[in-house]
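*Asks:* Sharing a structure below in structure tokens format, with a few things to ask.
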Amino acid sequence: MGVDTAGFVTDTQIVAWLNTAQRELCTQGRILLSQWTGATVSGQSDYSVPSDYLEIMACFLYRTTGDMAKRLLPLRPIVERDPAHPTGTPQRAFIHGANVSGNNSFIVILEPIPDFSGTADLEIWGKQLPKTMVSGAQDPEVATQWQDGMVHFAASRCYERLSNAGPHYASLADREFQLWLRVLALAKKYRNPLAASFAQEKILTYTPGYDYD
């Protein structure tokens, strides 16, 4: 930032702000996409969603044994679940919450309830939270373009702290925060990480803090 932050801002605080920014990006947009695989269990309808997942985008059944079923399981509203709890080969899935080991967690519910135990036959794709960054240990998980945007949030907080050293820092904090809001707005619209995307929209490739066009 071109200023001495000693006595006002610590490295630990800066890393914490960058973590906040990375989590917010991944929450607002489909920035960090991932997949996990489970196994269907005969007689079991509910399957826990990893706690760091924010959105389920698709659920597939891919069996290489038993009935060899391979299909997309449409995600349906929970009110459409059959109260008779039929069994058989799953045809659809529901996303809801449930009490799992005393804690409320998201689950994927399969219908019909599987009548066969598979092996790595449940594939679920979704949007994930990033790992917490640690200086010298855990790097950012989002793409480099978004890392550049995260700096605006951290800079806004740094300038906010530095405002005690001079009133002009308040305007710098506001400027950086407005730039951060622009990055967040783009994250909300971002969908396909391999399509012609925000890289062509001239938002993260300017001299930091000065390009408002």
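*Asks:* For residue 10, work out the one condition from (1) under 25 Å from the mean Cα position of the chain (by Cα); (2) surrounded by fewer than 18 Cβ atoms within 10 Å (Cβ to Cβ) it doesn't fulfil.
*Replies:* (1)
*Asks:* Being over 30 Å from residue 143 (Cα atoms), in contact with a His (Cβ under 9 Å, 6 or more places away or on another chain) and not assigned by TED's automatic domain parsing to the domain that holds residue 189 is true for just one of 86, 112. Which residue is that?
*Replies:* 112
*Asks:* Let me ask something else. Please specify each residue of region 122-156 satisfying the condition of being within 15 Å of residue 49 (Cα to Cα) and either in contact with a Leu (Cβ under 8 Å, 6 or more places away or on another chain) or acidic (Asp, Glu) (or both).
*Replies:* Those that are within 15 Å of residue 49 (Cα to Cα) and either in contact with a Leu (Cβ under 8 Å, 6 or more places away or on another chain) or acidic (Asp, Glu) (or both): 122, 123, 125, 126, 127, 128, 129.
*Asks:* Could I ask something else about it? Are there any pairs with C-beta distances below 9 angstrom linking a residue in region 175-189 that is assigned by TED's automatic domain parsing to the domain that holds residue 158 to a residue that is assigned to a helix (DSSP H, G or I) and of a type in the set (Val, Ile, Thr), with the two at least 6 apart or on different chains, and if so which?
*Replies:* Qualifying pairs under 9 Å: 176/151; 180/151; 187/27.
*Asks:* Go through region 36-50 and give me each residue that's surrounded by 13 or more Cβ atoms within 10 Å (Cβ to Cβ), assigned to a strand (DSSP E or B) and within 22 Å of the chain's Cα centre (by Cα).
*Replies:* 36, 38, 47, 48, listed by residue number.
*Asks:* Contact list please: Cβ distance under 6 Å, first residue in region 115-130 and part of a strand (DSSP E or B), second residue hydroxyl-bearing (Ser, Thr, Tyr), pairs at least six apart or on different chains.
*Replies:* So the pair list comes out as 122/40; 123/37; 123/62; 126/53; 128/34; 128/53.
*Asks:* Being of a type in the set (Phe, Trp, Tyr), surrounded by 12 or more Cβ atoms within 10 Å (Cβ to Cβ), at pLDDT below 75 and within 30 Å of residue 57 (Cβ to Cβ) narrows it down to one residue among 153, 198; which is it?
*Replies:* The conditions single out 198.
*Asks:* Please work out if residue 109 is over 21 Å from residue 33 (Cβ atoms), surrounded by 18 or more Cβ atoms within 10 Å (Cβ to Cβ), within 22 Å of the chain's Cα centre (by Cα) and at pLDDT 95 or above.
*Replies:* In short, yes.
Conditions tested, residue by residue: (1) touching a helix residue (DSSP H, G or I) at 6+ places or on another chain (Cβ under 9 Å); (2) over 16 Å from residue 123 (Cβ atoms).
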site: 71; (1), (2): no, no
site: 84; (1), (2): no, yes
site: 90; (1), (2): no, no
site: 95; (1), (2): yes, no
site: 101; (1), (2): no, yes
site: 106; (1), (2): no, yes
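The values are calculated or read from the model by the stated rules, or taken from the named source; none is laboratory data. These numbers were taken from a predicted model, which means no experiment stands behind them. Cβ atoms come from the backbone with ideal geometry, glycine included; neighbour counts cover every protein chain shown.
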